[in-house]
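Below is one structure, written out as structure tokens; the observations come after it.
The values are calculated or read from the model by the stated rules, or taken from the named source; none is laboratory data. If you're wondering where the values come from, they're calculated on a predicted model, not measured in any experiment. Ideal geometry is used to build each Cβ from the backbone, glycine not excepted, and the neighbour counts take in all protein chains shown. SASA here: full protein model, heavy atoms, side chains in, ligands and nucleic acids out. Shrake-Rupley method; radii C 1.70, N 1.55, O 1.52, S 1.80 Å.
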Amino acid sequence: MEKQNDNKKEVINELKNEHCYANGREKNPQEAAKIFHKLGLVYMKKTTDKISLIQSAALLNAALARSPDNVERIESDLRHLCSLVLKAAGAYDQTIDLTEKAKIIGEQVKQMRDRVNKGLPKLKTIPDDVDDEILCTLESLKIAFVKRLQKQITKDYKSIMAQVYQYCIDIMGESPCLHALSGMGSLARGEITPYSDFEHIIVLEEGVQHRDDYNEIQEYFRWFSVIFQIILICLNETILPSVAIPSLNDFASEDENWFYDAHTTRGISFDGMIPHACKFPLGRPETEAKPWKTELIKPVSEMVMYLEQEEDFKNGYHLADIMTKTCYVSGSEQVYSEFYKASRDTLQQNEASLTQLTVEISEDLDNFATRMTLSSLIRKKEFNVKKVIYRSTTLFVSALGRLHDIEAASSFDIINELKEKSVLSPGFEHKLAYAVAVACEVRLKVYMSKKSQDDWLNDDDISKSELKMLIEAVGERSLIEYFKIAYSLQYDLTKYLKIRDKEFWSNPVLVSISIFYFLKLYDRALEIPLSSLARLLHLNIQGQLPDQITPDSLLGNNHIGECFHMLIMVDNLIKQTIKQDARSRNKSSTNEEMLNLLVLVGNILKSVNKMDEAYENYSRALTLCENLQSNEEIISSLHLAITKFEDVLKLSHASYNYGNTLQGNDNYIESINVTKEAQTLLYKIPKSFRSKQVQTLKTQCVSLIGACQAGLGNVDKALRYLQQALDWYLNNTEIENFERNAAFISMNIGNCLMRQKSPNLAMLHFQKGLELCKKFVINVDTNLDVAILRNSFGLCCMHLGKCHKGLEYLKLALKAFSRTKIFTNKTTILSNAHYLVSICHADARNYEEASKHYTKSLALVNNHHSERTENTNRTGKFLFEIFDSSFKEKKYNIALTKAKCALRFCKRIICSTSELNMNNIYCFTHNIGQTLLKQEKFEQALKPLKACLDMARDLPFAEKNKEMIKSDIILCRKMLGNQS
């Protein structure tokens, strides 16, 4: 066991230190797949531990999701795991292949998603300019359409889960007691999506707990749940963090919760094994904070205990809340009916339920109040659709239903019953139903477009903000209406429950203007009549404000909505003052008034990050100061305000330089974050302030982010950033160091295009880079940047079959690398350069020169342990190319020499028992046998051919050659028999 743990730790360290970035994302998914395969086999050995077997299934499926080289081997191991699970479970039918069942279920899932994709385009956005008379009709049509769509998805989803349930019954054998499979969460509410996880419980018939075989019954359903989960895992939509594998994602430890699964689709799966989740039969294991197990395989009376206040407080994580809404999926309808009735009775008898619900709503307001979630939009950060949109209404509709003892689970049904009870007016009932329809629409559109349960809305198109995406998804008018309704619902709940510690605005004008501001719809804000704003803030032309509302207090508290009100009013007041200026006899007092207004509006504009307008107002105020005997304090403060832009520029430059350093050290994620901070600072500088310098630095930031994205392997993103930067430089050729910056960007674009296997396009960019370098480089033959470009250009030529031209550029690059003094990674670069030259010579059949350069390449990296694996691959490829060329030309003596040389090398290298190296040994042994056979040296050929036959038993890829090798052996024996 200790040895097994050491092996597991070693594998985890390899993944973390060699194959993942600091943020837990993988560098090379195919390399990570090998680690997951190894780790899956380690967990497979724990055949008595149900959770370990589930984790093993998740790891093997994660390996398959990364398109590994050994798919057949992993699939074989996965089938073996499933067989072990059925054996450990004591299943009735242990011959069933769970992976095949998963394929059938996967096809049904695909059909469900295809139906949704076909219907979703019919869900049109409501035009922003539609008349109010038609608006209500269009909203009603949308509500009806979303209801039908959600009803169909819920029906399909239940049908799929019922099918998996039946498979599990067939496998495990007849159930030892009556029971019901009950769904929870969005499935129970009828708001499930085709990518949602399956939250559920198994309710047992009442009285079963008194039977002598109760422990065996519980064990039956535990294994039933394991088999159910493994079938869903084999859909390949279960991300690794959701199965809480220790050392990858141990949620009780910050240090051990580090892995981020970016390559497994997040779709239909069990609820995660995260402490606040675990809404599935096996439940939550003991944790340090809650040292008791919460299992969701219980008889009726014990299951409803989770709804009691004391038990809910003990278990936490809103378990009682989610269990208030359940639905029947499969099994005994009678058992589910008894459980449903018992649940209702328990909730009604719970005297403290109002207090408990008030606490829960208060917590939900802290996380999902519209005023809070909207702020994430204005900060220009990616935001969570479920948090900002979906939960800001459905959570509180559900709470409203519980407050008024509504039995319905669906948000639409709750709203309808609230109307029938006269809790909601017909008008607000329509509005609330429309808000829920919009919430469901947004979530469906995001999930279906991403083909994943991915709530984070962050567009890959850097020219389009996330906010624009959201507006395009549902329409500007619908989005504004949604947030107004959500805000109103939350505000009314706080008033009803007397929750006084939550800050809400009661004035509808202030609510509207705040929503406009958060959504950056400034023009809509300007449409609000000035009279409404004046009444709101009591601001007049003399600048008199009530004591409780002053510019300083508003700015100090950062009440964005109020600031924006002030901005609109002051802007209008300036216009009025200018008009008065023409008529006024007392120009001095008017100018003083004007100066104060300009400073005030400048401060407000600056507080809401409208820096261009702020700078303009400060500049106008300074000009006005020259004509006035203004006090030195005002003039000094204005100079200080403008000087601060210089400081911001210096700080942004320092951030960019730091980001550049991080990128040079391959710390790409942190470099992107730091560079984006620099960008944020730059956008706080007015466009008229040092415009060329600021724009150049902005472009350098874009270019740096592109280079980092390339380093992370996000080639498409990298190309968009880099091309944007290059286009700007090519349109601004007067900029200092234009050629140098444009050349480097061209080189980076070329490298990205090579990774996209587009050598023709890459060659054009490398050529452009070389042309630009010649304009600023004094000696092109010794310059390192020129050498790198020539090396890349030569590589393009090789890919395009232009080896003679490629060799010309590669030799020039090699010459420059050799002459240049010490630089980073010189050994590696020189080794690669010699290797590329050797390949070109080999393609030209100049084997003597090829061997010479290859020997130099090998000598350079031979002492670098970290590069030996790559060197092994390179050596095998190089020697095979020479062997293959000689063999085809019937130069068997040369071919035999090279094959023997290759075999000796493979047997000497480190990790000689690795799968890759064993494959190489097999290939070269076979090559030797074939060559000796061609030379009619039958007796000598027998030994390598027999060795190949022995090795083929352990090498899956060699299986297809076994018959051919046997034929060759028979031929040798026949010829030797004839001779004797």
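Tabulated values for the structure
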{"quantity": "Within the stretch 53-71, tally of residues that are surrounded by fewer than 17 Cβ atoms within 10 Å (Cβ to Cβ) and either among the acidic types (Asp, Glu) or part of a helix (DSSP H, G or I) (or both)", "calculated": "2"}
{"quantity": "Close pairs (7 angstrom Cβ cut-off, 6 or more residues apart or separate chains): free of Cβ contacts under 8 Å to residues at least 40 places away in the same chain in the stretch 423-442, surrounded by fewer than 20 Cβ atoms within 10 Å (Cβ to Cβ) anywhere", "calculated": "Val423/His404; Pro426/Lys419; Glu429/Lys419"}
{"quantity": "Residue satisfying all of: in the stretch 299-317; touching a helix residue (DSSP H, G or I) at 6+ places or on another chain (Cβ under 8 Å) and of a type in the set (D, E, K, R); modelled with the highest pLDDT among these", "calculated": "Glu302"}
{"quantity": "Residue within the stretch 721-734 that is more than 24 Å from Gln695 (Cα to Cα), among the hydroxyl-bearing types (Ser, Thr, Tyr) and under 28 Å from the mean Cα position of the chain (by Cα) present", "calculated": "no"}
{"quantity": "Inter-residue pairs, beta-carbon under 6 Å, first at negative phi and in the stretch 16-31, second aliphatic (A, V, I, L, M) and assigned to a loop (DSSP other than H, G, I, E, B), 6+ apart", "calculated": "Arg25/Ala262"}
{"quantity": "Hits in the stretch 89-121 (condition: open to solvent by less than 40 Å² (accessible area, probe 1.4 Å) and in a helix (DSSP H, G or I))", "calculated": "Ala89, Leu98, Thr99, Ala102, Ile105, Gly106, Val109, Met112, Arg113, Val116, Gly119, Leu120"}
{"quantity": "Positions within the stretch 122-157 being assigned to a loop (DSSP other than H, G, I, E, B) and open to solvent by 90 Å² or more (accessible area, probe 1.4 Å), in sequence order", "calculated": "Lys124, Asp129, Asp131"}
{"quantity": "Of all residues making up the stretch 487-520, the number that are surrounded by fewer than 18 Cβ atoms within 10 Å (Cβ to Cβ), within 22 Å of Glu476 (Cβ to Cβ) and modelled with pLDDT of 80 or more", "calculated": "0"}
{"quantity": "Top-ranked residue of the stretch 471-486 - restricted to ones that are of a type in the set (Val, Ile, Thr) and modelled with pLDDT under 85, ranked as surrounded by the most Cβ atoms within 10 Å (Cβ to Cβ)", "calculated": "Val474"}
{"quantity": "Exclusive hit being assigned to a helix (DSSP H, G or I) and open to solvent by 20 Å² or more (accessible area, probe 1.4 Å), set Phe793, Phe766, Phe776, Phe744", "calculated": "Phe744"}
{"quantity": "Selected residue (criterion: modelled with the highest pLDDT) from residues of the stretch 15-46 that are surrounded by fewer than 16 Cβ atoms within 10 Å (Cβ to Cβ) and in a helix (DSSP H, G or I)", "calculated": "Gln30"}
{"quantity": "Scan of the stretch 206-239 for residues that are buried (at least 21 other Cβ atoms within 10 Å of the Cβ) and either acidic (Asp, Glu) or without any contact (Cβ under 8 Å) to a residue 12 or more places away in the chain (or both), ordered by number", "calculated": "Glu237"}
{"quantity": "Matching residues in the stretch 178-204 - criterion: being open to solvent by 10 Å² or more (accessible area, probe 1.4 Å) and under 18 Å from Leu282 (Cα atoms)", "calculated": "His179, Asp197, Glu199"}
{"quantity": "Among (1) under 21 Å from Ile245 (Cα atoms); (2) over 29 Å from the mean Cα position of the chain (by Cα), the one test that Leu60 misses", "calculated": "(2)"}
{"quantity": "Thr125 of a type in the set (S, T, N, Q) and either within 30 Å of Ile415 (Cα to Cα) or touching a Lys or Arg at 6+ places or on another chain (Cβ under 6 Å) (or both)", "calculated": "yes"}
